[in-house]
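The values are calculated or read from the model by the stated rules, or taken from the named source; none is laboratory data. On a predicted model such as this, the values are computed, not experimentally measured, just so you know. Cβ: placed from backbone, ideal geometry, glycine included. Neighbour counts: every protein chain shown. Surface areas here come from the heavy atoms of the whole protein model, side chains and all, with no ligands, DNA or RNA. Shrake-Rupley method; radii C 1.70, N 1.55, O 1.52, S 1.80 Å.
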Amino acid sequence: MRLENKVVVITGSNSGVGAAAAKMAASEGASVVISARRVEALQKVKEEIEAMGGKVLSIPTDISKMEDCEKLIETTVKEFGKIDVLVNNAGVLDSGLKAIDKFANEDLDKVVEINEKGTMYCMRAALKYMKEAKSGSIVNVASVAGTNGCGGAAYVASKAAIIGITKHAAMLTAGKGVRCNVLCPGNILTPMTAGMDYSNMDMEMFGAMASHSDIKGCPSCQAEDVAKVILFLASDDSKPITGQAIVCDFGANL
């Protein structure tokens, strides 16, 4: 019961890592607020958590819209009186791993709006309450793409930005009861990665990535592997840790 009596908000919790993290948080005693754009999938996760005996509130949210992010946090505080943990997990891939000399403007706009701006909108809204309470943990989900450049240019840029803003927020709140860390997973077996369109792939970028990563024998992460690290960073077990970018990839990108 590491999250007993804590209120945990998780974006992108309708599938994959977000859904796994929501179920684990509920099993550890948290009141969980799940959010995503796909309402039907979100409802399914809600029902699964309720079947476990967990306490859950579902708030459909498009994090690319500032007003949705603010409503998500404000509704959480109105319902539960506080917010203890924010997990910024929602994100999208660009199409085809397009490199810096080939990226599409529309890809850049979409990825930045959701991955970067959405994360910042939610952080700003949550910090309003966390700073006042002098308590809270923010866990951002970025990617190894943000640390070593392995991915499409738009995606890499957005994930590197999340790492930077995590360190910025941690520095701002250091010693004030609020922590902020960022998780950088390697390849994860989720519906999002399974749905990639390889017919549109930038093979030059794909080849460059293959030559610098994926050490033979290293497995891909399952959603639950990443969710367990999120749970650790959300809980008081990681109380001394803030401002850190933690890679979890079984060593594939060493």
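All but one of (1) modelled with pLDDT of 60 or more; (2) assigned to a helix (DSSP H, G or I); (3) over 15 Å from the mean Cα position of the chain (by Cα) hold for Met209, so report the exception by its number.
All conditions are met except number (1).
Being part of a helix (DSSP H, G or I), touching a residue at least 40 places away in the same chain (Cβ under 8 Å) and more than 27 Å from Ser238 (Cβ to Cβ) is the requirement here; does Leu127 meet it?
no
Scanning for something farther than 19 Å from Ala21 by Cβ and modelled with pLDDT of 95 or more, does segment 48-63 turn up at least one residue?
Yes: one or more hits.
Taking Asp94 as meeting all but one of (1) within 18 Å of the chain's Cα centre (by Cα); (2) at pLDDT 95 or above, write down the number of the exception.
So Asp94 meets the others, but not (2).
Before we move on, is Lys55 free of Cβ contacts under 8 Å to residues at least 24 places away in the same chain and either among the basic types (Lys, Arg) or touching a Lys or Arg at 6+ places or on another chain (Cβ under 9 Å) (or both)? Break it down stepwise before answering.
Values: free of Cβ contacts under 8 Å to residues at least 24 places away in the same chain: no; either among the basic types (Lys, Arg) or touching a Lys or Arg at 6+ places or on another chain (Cβ under 9 Å) (or both): yes.
So Lys55 fails the test.
Tell me which of these Glu132 doesn't satisfy, since it passes every other one: (1) closer than 26 Å to Asp68 by Cβ; (2) touching a residue at least 40 places away in the same chain (Cβ under 8 Å).
So the condition that Glu132 fails would be (2).
Kindly provide the set of residues from segment 167-192 that are open to solvent by 10 Å² or more (accessible area, probe 1.4 Å), at pLDDT 95 or above and under 19 Å from Val229 (Cβ atoms), ordered by number.
Lys167, Arg179
Take segment 104-129 and flag every residue that is under 11 Å from Tyr155 (Cα atoms) and either over 16 Å from the mean Cα position of the chain (by Cα) or of a type in the set (A, V, I, L, M) (or both).
Passing the criteria: Asp107, Leu108, Asp109, Lys110, Val111, Val112, Ile114.
With open to solvent by less than 50 Å² (accessible area, probe 1.4 Å) and modelled with pLDDT under 95 as the only criterion, which of Gly136, Gly195, Gly149, Gly164 stands out?
It is Gly149.
Listed here are the residues, each with its yes/no results for (1) open to solvent by less than 20 Å² (accessible area, probe 1.4 Å); (2) under 28 Å from Ile165 (Cα atoms).
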{"residue": "Leu42", "(1), (2)": "yes, yes"}
{"residue": "Lys46", "(1), (2)": "no, no"}
{"residue": "Ile49", "(1), (2)": "yes, no"}
{"residue": "Lys65", "(1), (2)": "no, yes"}
{"residue": "Asn89", "(1), (2)": "no, yes"}
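Could you check how many residues of segment 108-128 are open to solvent by less than 20 Å² (accessible area, probe 1.4 Å) and either hydrophobic (A, V, I, L, M, F, W, C) or modelled with pLDDT under 95 (or both)?
6
Identify the residue in segment 1-15 that is open to solvent by 10 Å² or more (accessible area, probe 1.4 Å) and either touching a strand residue (DSSP E or B) at 6+ places or on another chain (Cβ under 8 Å) or of a type outside the set (A, V, I, L, M) (or both) and, among all such residues, is farthest from Gly53 (Cα to Cα). Before you say what the answer is, go through the steps one by one.
Looking only at segment 1-15, we keep the residues that are open to solvent by 10 Å² or more (accessible area, probe 1.4 Å), and these are 1-2, 4-6, 12, 14-15.
This time we only want the ones that are either touching a strand residue (DSSP E or B) at 6+ places or on another chain (Cβ under 8 Å) or of a type outside the set (A, V, I, L, M) (or both), so: 2, 4-6, 12, 14-15.
Numbers: Arg2: 16, Glu4: 14, Asn5: 15, Lys6: 16, Gly12: 21, Asn14: 18, Ser15: 19 Å.
Among those residues, the one meeting the criterion is Gly12.
Taking the conditions exactly as written (at positive phi and either in contact with a Phe, Trp or Tyr (Cβ under 6 Å, 6 or more places away or on another chain) or open to solvent by less than 70 Å² (accessible area, probe 1.4 Å) (or both)), does Gly18 satisfy them or not?
No.
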